[in-house]
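Step one of this worksheet: look at the structure below.
The values are calculated or read from the model by the stated rules, or taken from the named source; none is laboratory data. This structure is a prediction, so every number in the text was calculated from the model and none was measured. Neighbour counts run over all protein chains shown; Cβ positions are idealised from the backbone, glycine included.
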Amino acid sequence: MTSDGTPLVEAAGVSRVFGEGEAEVHALEDVSVAFPAARFTAIMGPSGSGKSTLMHILAGLDRPTSGSVVLDGTELAGLDDRGLTQLRREKVGFVFQSFQLIPTLTARENVQVPLELRGEDAADRADDLLERVGLGDRGHHYPAQLSGGEQQRVALARAFSTRPKVLFADEPTGNLDARTGATIIDLMTALNRDLGTTLVLVTHDLDLAGRARRTIRLADGAVVADSAA
């Protein structure tokens, strides 16, 4: 909950339908779920269960067919595309399975990008975050010169650079070996704890989900279990 007791992110009656007629797919069916501030929640389910679709809708990357989403007091349906972009820039961080670093920028420059887009002094903040994720001496390297685990650490530093209210992570360890993946989750939980960022993790991995304080399970587009319910 936020300081006034309301959830930081809340979906109410959210459904998402793709296609029409015989090709129609119901990716989400009347999903209602709330995420308290500073909590680490894992969303699990088999492929096709709707977990990534739910994350994209919660983060304002996609719009629901019906239902509503409120993020830090803002109803997302009331925002146009520009407004959604601004909200994500100010309040949301992302970590993806494929890292999504800019290949022509160094690690340090990749971390600086979100800060520069906000007109903030980026240098010291980027250096501090790279140090925190164990890459203080690798800031001048380009993504192609880094291992998969190092690239994901850069992506993590970038995601936390703007001190987001909520961080969405979609299979962040999917391209990493078990040991490196565990290191990434250690870093995510430490930053979640130290910075108070709400963390929502989409994963297939039971061990990773076990690190969360709460686990939501989806099947066929619906919530079938919630450990905090």
Members of the range 96-116 found to be free of Cβ contacts under 8 Å to residues at least 60 places away in the same chain and within 19 Å of the chain's Cα centre (by Cα), listed by number: 100, 101, 102, 110, 111, 112, 113, 114, 115
Test result for residue 77, of a type in the set (Gly, Ala, Ser) and under 30 Å from residue 122 (Cβ atoms): no
Residues (surrounded by fewer than 17 Cβ atoms within 10 Å (Cβ to Cβ) and out of contact with any Asp or Glu (no Cβ under 8 Å at 6 or more places or on another chain)) located in the range 91-112: 98, 100, 103, 104, 105
Residues (surrounded by fewer than 19 Cβ atoms within 10 Å (Cβ to Cβ) and not in a loop (DSSP other than H, G, I, E, B)) located in the range 116-142: 116, 117, 123, 124, 127, 128, 131, 132
Single residue of the range 183-204 satisfying the filter (of a type outside the set (Val, Ile, Thr) and surrounded by fewer than 20 Cβ atoms within 10 Å (Cβ to Cβ)) that is farthest from residue 54 (Cα to Cα): 194
Residue match in the range 179-186 (condition: polar (S, T, N, Q) and assigned to a loop (DSSP other than H, G, I, E, B)): no
Test result for residue 82, among the basic types (Lys, Arg), assigned to a helix (DSSP H, G or I), at pLDDT 90 or above and crowded, with 17+ Cβ neighbours inside 10 Å: no
Scope the range 189-229; condition out of contact with any Lys or Arg (no Cβ under 7 Å at 6 or more places or on another chain), over 28 Å from residue 27 (Cα atoms) and in a helix (DSSP H, G or I); matching residues: 190, 191, 192, 193, 194
Among residues of the range 165-184, those that are under 11 Å from residue 95 (Cβ atoms) and either touching a strand residue (DSSP E or B) at 6+ places or on another chain (Cβ under 8 Å) or polar (S, T, N, Q) (or both), counted: 7
Flag if residue 87 is surrounded by 13 or more Cβ atoms within 10 Å (Cβ to Cβ), at pLDDT 90 or above and not polar (S, T, N, Q): yes
Criterion: surrounded by fewer than 18 Cβ atoms within 10 Å (Cβ to Cβ) and under 16 Å from the mean Cα position of the chain (by Cα) - qualifying residue of 163, 179, 153: 163
